[in-house]
1. So, in segment 137-154, exactly how many residues are of a type outside the set (S, T, N, Q) and in contact (Cβ under 8 Å) with a residue 60 or more places away in the chain?
2. Kindly indicate the residue of segment 67-104 that is among the aromatic types (Phe, Trp, Tyr) and touching a residue at least 12 places away in the same chain (Cβ under 8 Å) and also surrounded by the fewest Cβ atoms within 10 Å (Cβ to Cβ) among those meeting that condition.
3. Before we move on, is GLY120 open to solvent by less than 60 Å² (accessible area, probe 1.4 Å), free of Cβ contacts under 8 Å to residues at least 12 places away in the same chain, outside any loop (DSSP other than H, G, I, E, B) and closer than 24 Å to HIS193 by Cα?
4. Out of curiosity, is PHE234 modelled with pLDDT under 85, open to solvent by 70 Å² or more (accessible area, probe 1.4 Å) and part of a helix (DSSP H, G or I)?
5. Filter segment 34-64 down to the residues that are at pLDDT 90 or above and either open to solvent by less than 40 Å² (accessible area, probe 1.4 Å) or small (Gly, Ala, Ser) (or both) and list them by number.
6. What is the number of the single condition among (1) under 22 Å from VAL86 (Cβ atoms); (2) of a type in the set (A, V, I, L, M, F, W, C); (3) open to solvent by 60 Å² or more (accessible area, probe 1.4 Å) that VAL112 does not meet?
7. Residues LEU28, LEU11: which one is open to solvent by 40 Å² or more (accessible area, probe 1.4 Å) and either at pLDDT 90 or above or more than 18 Å from LEU254 (Cβ to Cβ) (or both)?
8. Is it the case that segment 188-201 has a residue that's polar (S, T, N, Q) and open to solvent by 30 Å² or more (accessible area, probe 1.4 Å)?
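The values are calculated or read from the model by the stated rules, or taken from the named source; none is laboratory data. Bear in mind the structure is a predicted one, so any value in this text is a computation, not a measurement. Don't worry about glycine lacking a Cβ; one is built from the backbone with ideal geometry, like all the others, and counts go over all protein chains shown. Note: areas computed on protein heavy atoms with side chains; ligands, DNA, RNA excluded. Shrake-Rupley method; radii C 1.70, N 1.55, O 1.52, S 1.80 Å.
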Amino acid sequence: MVTATFLLGILIQILAFISLPFLCGGILQKIRAYAQGRRGAPVLQILYDTVRMIKKSPIDGPFSGFFSESSAIFAFAFGLVLWSLVSFEWASLLLIPFLIGMIRFATVAYAVENGTSFGGMGAARETLLFIFGEPILILVLVVLESNVVFHENFAHISFAILFFLGATLIVLSDLAKPPFDDPRTHLELTMVHEAMLLEASGRTRAFFELAHQFKTASLFLLLTKLGLEHVEVFLGVSSVPIWKELASFGGAILLSALIGYWEANSTRRKWIWIPELLGLNFIFMLILGILLKLGK
């Protein structure tokens, strides 16, 4: 019975590994469209577009070189490693910022080598978000790697809510969602991820999009697992493999829907305000992490 339960949990984990990268992005876009009064594309539109683009050869620009030809493969490979790490937890979660940084490096290198003004602007903004956001992500992972458990009392539940709100803000920063960017438009002042990939086409675009979807699903699943494994209310669920995997899958889907709704009903802030926001969030998470360690 235990063996069958364990195998079923592994099967659910594998199915989630295959489907979540496409479902998270598709549901996010679908909920965003519904919230704006539109029908929107099918949930699996990202999968359809990826298959269609992989069949096409890329068209490289006049300034293309090594990074234009290889960055998409690097981004895809690091994205796949990141997604497998979050899904199967085969190593320390502290590798996550490094893998996200390598995906960013590959994308920025592609944008900069092509030499377009839009690509350079998007690369500069992506780097800014990385510099201010990744230390906070490392801080979150360090605190939670120390086996902190939020108990069932008012103080701990309050700390848990504040902690996960701060962590969610970093996810929004990593994915360039409002208030950091506004993917609903393609105006020159509101592009981060899109601006860097304007020159990408065919298989190159497909690999970059797959890397982005791997990163999106990884961050959503990471937040869900942190909640399941560090909040005492959910510890009973996370101790059973089947229920843990089902809850993780459902939590990532729910988080995709919530962020899609948030994206449709919020706006971005001025870029001069973003370093202040992330800096204040770092100080807030640092103080909160110290309080959690002292109260452990």
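1. 10
2. PHE88
3. Criteria met by GLY120.
4. When the stated conditions are applied, PHE234 passes them.
5. Matches in segment 34-64: ILE46, THR50, MET53.
6. The single condition VAL112 does not satisfy is (1).
7. Testing whether each residue is open to solvent by 40 Å² or more (accessible area, probe 1.4 Å) and either at pLDDT 90 or above or more than 18 Å from LEU254 (Cβ to Cβ) (or both) leaves just LEU11.
8. Yes - at least one qualifying residue is present in segment 188-201.
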